[in-house]
Amino acid sequence: MYNTIIVEIARRIACVTINRPDKLNALNAQAKTELKQAFEIIKNDSSVDVVILTGSGEKAFVAGTDIKELTELDTESGKDFSEDGQAVFNLIENLGKPVVAAVNGYALGGGAELALACHIRIASENAKFGQPEVNLGIIPGYGGTQRLARLVGKGRAMELILTGDQIDAQEAYRIGLVNKVVPQAELMKTAEVVAQKILSKGQLAIRFALKAVNMTAETNLTDGQALEASLFGLCCGTEDFKEGTKAFLEKRPKSAILKNLQHFQMQNIKTPACVVQAENAQHTTYPDTRHRDTGKRATFNLSRRKAAGLKKRATYNI
Ligand code: COA
């Protein structure tokens, strides 16, 4: 199906591998198109709850955008090129499912930006990070100027982007660019352990957490907290929450309910219109949240609203 990437799905984890090892997995147009296709499918695939993204071989995660293709750009096509790449990386960041980058070597230019679009980054000891675009007379164009500064701070981002210097995995860890550094041989196993840990949690909470934390890049504290409160409220209406808290207090393992919530899938998570709608709601039905086996909609009881005698049924559009 794909020529430049490999997609393998097992035990609710999709592993996406960029597969151009002879070009150090440089992202050419085809690889970007295939990544977009693959992530669109994964977004809607209810059998996948976590993604691991890596590069083929032991030398490179992605050594950047394909420089050969860059040479064809002019002012107009360069802008389109940047916007197209940004759209693919935005799709990854807003997938609604956690994406773990297993950075197995060079992550330069578009490769570093690709890792930045993921939610968690684990690096092998030989990994190297850098934004060498200025060496080519350009700037990072796939979101790097924005995401790098947000992740490691403006000063460090400026240094990396203005000098084009590469940093090793330990330095990337020190400045908060990666979450963990492990030997190359343990990289995929470590990424899988992280993925499994996420899978063992209530998936509704995982997806709400992704949404809320992603919003920090887009909103002010007041609006971000409004969204947080609404999502927190939705979590409190779930069996997942009831069982999780009850099990803790009764000092026993959680029952399968927590795992069952994996079966709820959500799509089209948008902005916090729910805050207003919830004011008059007794119950709310999340429109795109359905039980995978029964197809039944997930209904969240808003007991506080019920107690207040509010009857209107509302639909959350988050
Ligand atoms: N675009 C296109 N081809 C690339 C590439 C890129 N970003 N990065 C590496 N390649 C290709 C090389 O051209 C070479 O192809 P060839 O065998 O057909 O000549 C192959 O991958 C191996 O790369 P090579 O440079 O020989 O490996 P190296 O170990 O000597 O150096 C790097 C590794 C990563 C330091 C070096 O390849 C490099 O600097 N790449 C470009 C990084 C960059 O500027 N990225 C940002 C682009 S915006």
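Long-range amide H contacts for Tyr106: which residues qualify at under 5 Å (H placed 1.01 Å from N, peptide plane, sequence gap of 5 or more or a different chain)?
Ala60, Phe61, Lys128
What length, rounded to one decimal in nm, is gained on full extension from Ser200 through to Lys79, with 0.36 nm per residue of separation minus their alpha-carbon distance?
Numbers: separation 121, 0.36 × 121 = 43.56 nm, distance 4.18 nm.
The Ser200-Lys79 span can extend by a further 39.4 nm.
Report the net charge of residues surrounding Ala117, where surrounding means a beta-carbon distance below 13 angstrom and charges are Lys +1, Arg +1, Asp -1, Glu -1. Write out the running numbers ahead of the final one.
Working: positive: Lys32, Lys36, Arg121, Arg147, Arg150; negative: Glu93, Glu113.
Summing Lys and Arg as +1 and Asp and Glu as -1 gives +3.
Restricting to lysine pairs 8 or more places apart or on different chains, what number in segment 5-199 have Cα atoms under 14 Å apart? Write down the numbers at each step before the final one.
On the way: Lys23/Lys59; Lys23/Lys68; Lys43/Lys97; Lys59/Lys128; Lys97/Lys197; Lys128/Lys180; Lys180/Lys189; Lys189/Lys197.
For segment 5-199, qualifying lysine pairs total 8.
Using a basic spin-label model with each label point 7 Å from the Cα along Cα→Cβ, how many nm lie between Lys189 and Ile138?
Between Lys189 and Ile138, the label points sit 3.9 nm apart.
By its C-alpha gyration tensor, with a ≥ b ≥ c as the square roots of the eigenvalues, how is segment 137-216 shaped: rounded for a/c under 1.5, else prolate for a/b larger than b/c, else oblate?
Values: a/c = 2.75, a/b = 1.43, b/c = 1.92.
Oblate, since a/c reaches 1.5 and b/c is not below a/b.
For Glu72 and Leu221, what does the FRET efficiency come to when R0 = 35 Å and r is the distance between their Cβ atoms, rounded to the nearest 0.05?
Details: r = 44 Å, r/R0 = 1.25.
It comes to 0.20.
Which order do Glu34, Glu243, Glu113 fall in if you start with the one that has the fewest other Cβ atoms within 10 Å? Working shown, then result.
Values: Glu34 23, Glu243 18, Glu113 28.
The order, fewest Cβ neighbours first, is Glu243, Glu34, Glu113.
Taking other Cβ within 10 Å of each residue's Cβ, how do Ile13, Ile6 sort, fewest first?
Working: Ile13 20, Ile6 16.
Fewest-to-most ranking of Ile13, Ile6: Ile6, Ile13.
Full-extension gain between Glu40 and Tyr2, please, as 0.36 nm times their residue separation minus the C-alpha to C-alpha distance.
Values: separation 38, 0.36 × 38 = 13.68 nm, distance 1.38 nm.
Extra length available between Glu40 and Tyr2 comes to 12.3 nm.
We did not get these values from a lab; they are worked out from the coordinates using the rules stated. These numbers come from a predicted model, not from an experiment. Backbone-built Cβ (ideal geometry, glycine too); neighbour counts: all protein chains shown.
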